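Beneath this line is the structure, given in structure tokens, with notes to follow.
No lab work stands behind these numbers, since they all come straight from the coordinates. As the structure is a prediction and not an experimental result, all values here were calculated from the model. Positions of Cβ are generated from backbone atoms using ideal geometry, with glycine treated the same way; all protein chains shown enter the neighbour counts.
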Amino acid sequence: MIPPGTPVDSRSIVRSGDVLVTRANTPDLVGMACLVDQPFDSRLVLCDKTWRINVGDGLDRGFLVEVLRAFPSRRYIQSVATGTSGSMKNFSQRSLLGMAVPVPELAEQVRQSGRIAAVTERIDAEAAAVAKLKELKAGLMADLLTGCVRVPVEIPS
């Protein structure tokens, strides 16, 4: 974030609806895409290691992000990423523009990205439920092991 009072080039401000892609990162994260789905502070600007993809008519932003996150795209990106460091790879604009992206009809794109979003939401909800159960288990175990909760034991006669 840019400190208050610092002039900001309006073209570099991150906005809701932006499709962002990392152009340099670790091998697992280079070329990762996201859709900015909430408004940000106007002082949040693009990093020089991130691209904003201008999505034209006929292409759903959510669909494009899911395509870029899909295994075939990830495999392609990782195969064309360059750099001698094993911990930092670069993904060129030429490689991004040369990437084959399936583009079904817009209605199908919207339908597919909606289905993926619904499944992702369900997975997130299930993961949150599992985390709560693990927390509950840890608390119950702590109560039992510290003697806060007594467990009656019947001695056979």
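Restricting to the range 1-40, what's the tally of residues that are closer than 16 Å to Ile53 by Cβ, out of contact with any Gly (no Cβ under 9 Å at 6 or more places or on another chain) and of a type outside the set (Val, Ile, Thr)?
Residues meeting the conditions: 11.
Taking the range 3-34, which residues are out of contact with any Asp or Glu (no Cβ under 9 Å at 6 or more places or on another chain), surrounded by fewer than 17 Cβ atoms within 10 Å (Cβ to Cβ) and part of a loop (DSSP other than H, G, I, E, B)?
Selection gives Pro3, Pro4, Gly5, Thr6, Pro7, Val8, Asp9, Arg15, Thr26, Pro27, Asp28, Leu29.
Give all pairs with beta carbons closer than 8 Å in which a residue from the range 114-133 that is within 19 Å of Leu35 (Cα to Cα) meets a residue that is of a type outside the set (Val, Ile, Thr); count only pairs at least 6 apart in sequence or on separate chains.
Gly114/Gly62; Ile116/Gly62; Ile116/Glu66; Ala117/Gly62
Does Ala24 satisfy the condition of being under 16 Å from the mean Cα position of the chain (by Cα), of a type in the set (Gly, Ala, Ser) and closer than 20 Å to Gln112 by Cα?
no
Just to be sure I understand, how many residues within the range 76-111 are touching a Gly at 6+ places or on another chain (Cβ under 7 Å) and part of a helix (DSSP H, G or I)?
Adding up the residues that qualify gives 2.
Kindly provide the set of residues from the range 35-54 that are of a type in the set (Phe, Trp, Tyr) and in a loop (DSSP other than H, G, I, E, B), ordered by number.
Once the filter is applied, which keeps residues that are of a type in the set (Phe, Trp, Tyr) and in a loop (DSSP other than H, G, I, E, B), the range 35-54 yields only Phe40.
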